[in-house]
Amino acid sequence: RAKDIIRGDAVEYTHEIEKETHQRMLMLQGLRKAHAEHELFMVYQPQIDLNTGKINGLEALIRWKTHNGTMIPPDQFIPVAESSGLIVQLGEWIMCSALRDLEHLENRYALGLQMGINISPVQFRHPNFLNTIKTELNKFNLSRNQVEFEITESVAMMDIDTVRATLKQIHDLGAQVAIDDFGTGFSCLSYLETLHFDRLKIDKSFIDKMSNENAGTYIPEMIINLGRDLDMSVIAEGVETQEQVSRLKGLNCFEAQGYFFGKPMDMKSLEIWLDGHIAKQG
Ligand code: C2E
Ligand code: MG
Ligand code: MG
Ligand code: MG
């Protein structure tokens with residue numbers, strides 16, 4: 001009897017895996033088609049200087065809207081693009097689109113904005129990564145320190161020599177590097193100390209906990225102090241309330257992004273947002 005149950009579970013399990021593999025395959029086919037048929041586009045979220053209230057930069061985030069109007073979130077399709085290798089080609093397109101849009105915004109507004117571009121571990125490890133960056137940077141009339149690549153903490157901790165060499169090459173090109181989702185990856189702090197990152201992005205999960213009075217500031221405070229000690233700037237992600245803004249400022253964190261300031265927007269909405277922002281901020 002026990003055997004039957006186990007066998008039953010195994011069949012069920014195999015079935016689940018087959019279903020999942022099939023779904024991933026469909027997702028990958030869909031994604032290739034989406035790329036070819038222009039269902040993918042970029043949105044940009046403002047990053048705000050909390051001292052002045054002014055915009056400092058943007059984070060580029062990819063979106064997939066199918067022809068029948070369904071939005072598929074990046075958390076669902078980026079992993080599929082990563083495991084198939086499609087992310088390399090897609091990543092070039094993302095970089096090119098974000099830089100082109102930044103150049104357009106500079107021509108129109110001349111705000112000297114930074115552009116944060118998310119880089120998947122697969123891209124970061126790819127032997128052609130540096131060449132891709134060079135090629136894309138050369139296409140546009142931008143100051144290179146306006147460009148910031150975001151890599152997650154797990155990539156940062158990959159293989160220290162490779163990471164250090166890649167960071168140096170990126171810096172030699174004049175661009176910057178941030179650690180995304182900081183605090184969620186169990187970084188070895190002594191490694192971190194020997195690597196040169198320009199910025200730490202405090203993960204939203206910690207900012208969420210700052211909503212109730214006097215609770216949840218331990219980790220953000222630690223990260224903010226760490227950033228200061230290691231000479232890195234710090235930005236808070238996923239800020240949704242005035243309360244969080246006040247508490248971040250109290251902890252000497254002076255940069256943030258989140259729905260409180262602006263959601264990720266397509267270029268058309270972003271320009272309307274920027275027009276309003278400039279009218280308000282002067
Ligand atoms: P991430 O890089 O940490 O991006 C931050 C995510 O938080 C974005 O979700 C953004 O829309 C969301 N967010 C920002 N402010 C708020 C807020 O106040 N409240 C809430 N609830 N959410 C907020 P999104 O766009 O769904 O992206 C999810 C993840 O997918 C990203 O996390 C990143 O890891 C990945 N991703 C997105 N675009 C790209 C891309 O172009 N390339 C790569 N390699 N990965 C990307
Ligand atoms: Mg990011
Ligand atoms: Mg993040
Ligand atoms: Mg993330």
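The values are calculated or read from the model by the stated rules, or taken from the named source; none is laboratory data. What you see is a predicted model, and the numbers here were worked out from it, not measured in a lab. Counting neighbours? That spans all protein chains shown, and the Cβs are built from the backbone with ideal geometry, glycine included. All accessible areas refer to the heavy atoms of the entire protein, side chains included, with ligands and DNA or RNA removed. Shrake-Rupley method; radii C 1.70, N 1.55, O 1.52, S 1.80 Å.
Here are some notes:
- Summed over the stretch 229-240, residues that are open to solvent by 50 Å² or more (accessible area, probe 1.4 Å) and either within 15 Å of ligand 3 (Cβ to nearest atom) or modelled with pLDDT of 95 or more (or both) total 2.
- Test for Glu148: is it part of a strand (DSSP E or B) and among the acidic types (Asp, Glu): yes
- Members of the stretch 201-227 that are within 16 Å of Phe260 (Cβ to Cβ) and of a type in the set (A, V, I, L, M): Ile202, Ile207, Met210
- Within the stretch 227-252, if we keep just the residues that are outside any helix (DSSP H, G or I) and farther than 11 Å from Leu200 by Cα, the residue that is farthest from ligand 4 (Cβ to nearest atom) turns out to be Asn252.
- Subset of the stretch 85-95 (residues that are part of a helix (DSSP H, G or I) and farther than 14 Å from Gln146 by Cα): Leu86, Ile87, Val88, Gln89, Leu90, Gly91, Glu92, Trp93, Ile94
- Among the residues of the stretch 177-193, the ones that are surrounded by 15 or more Cβ atoms within 10 Å (Cβ to Cβ), on the phi > 0 side of the Ramachandran plot and part of a loop (DSSP other than H, G, I, E, B) come to 1 in all.
- If you check Gly185, Gly216 for being within 16 Å of ligand 3 (Cβ to nearest atom) and without any contact (Cβ under 8 Å) to a residue 40 or more places away in the chain, only one passes: Gly185.
- Selection count, the stretch 25-41, where residues are part of a helix (DSSP H, G or I) and either surrounded by fewer than 13 Cβ atoms within 10 Å (Cβ to Cβ) or within 16 Å of ligand 4 (Cβ to nearest atom) (or both): 5
- Just one of the listed residues (Gly216, Gly174) is more than 28 Å from Cys96 (Cα to Cα), open to solvent by less than 60 Å² (accessible area, probe 1.4 Å) and among the small types (Gly, Ala, Ser), and it is Gly216.
- Evaluated against (1) within 16 Å of ligand 2 (Cβ to nearest atom); (2) closer than 17 Å to Gln176 by Cα; (3) among the acidic types (Asp, Glu), Glu136 falls short on exactly one condition, (1).
- Phe206 vs. criteria within 25 Å of Ile117 (Cβ to Cβ) and assigned to a loop (DSSP other than H, G, I, E, B): no
- Residues of the stretch 70-89 classified as touching a Lys or Arg at 6+ places or on another chain (Cβ under 6 Å), open to solvent by 30 Å² or more (accessible area, probe 1.4 Å) and closer than 15 Å to Gln23 by Cα, total: 0
- Identity of the residue in the stretch 143-168, within 14 Å of Gln123 (Cβ to Cβ) and more than 16 Å from ligand 3 (Cβ to nearest atom), that ends up surrounded by the fewest Cβ atoms within 10 Å (Cβ to Cβ): Thr162
- Of everything listed in (1) outside any helix (DSSP H, G or I); (2) buried (at least 18 other Cβ atoms within 10 Å of the Cβ); (3) of a type outside the set (Gly, Ala, Ser), the single unmet condition for Ile224 is (1).
- Checked against the criterion of being at pLDDT below 95 and open to solvent by 30 Å² or more (accessible area, probe 1.4 Å), the stretch 42-63 has no qualifying residue.
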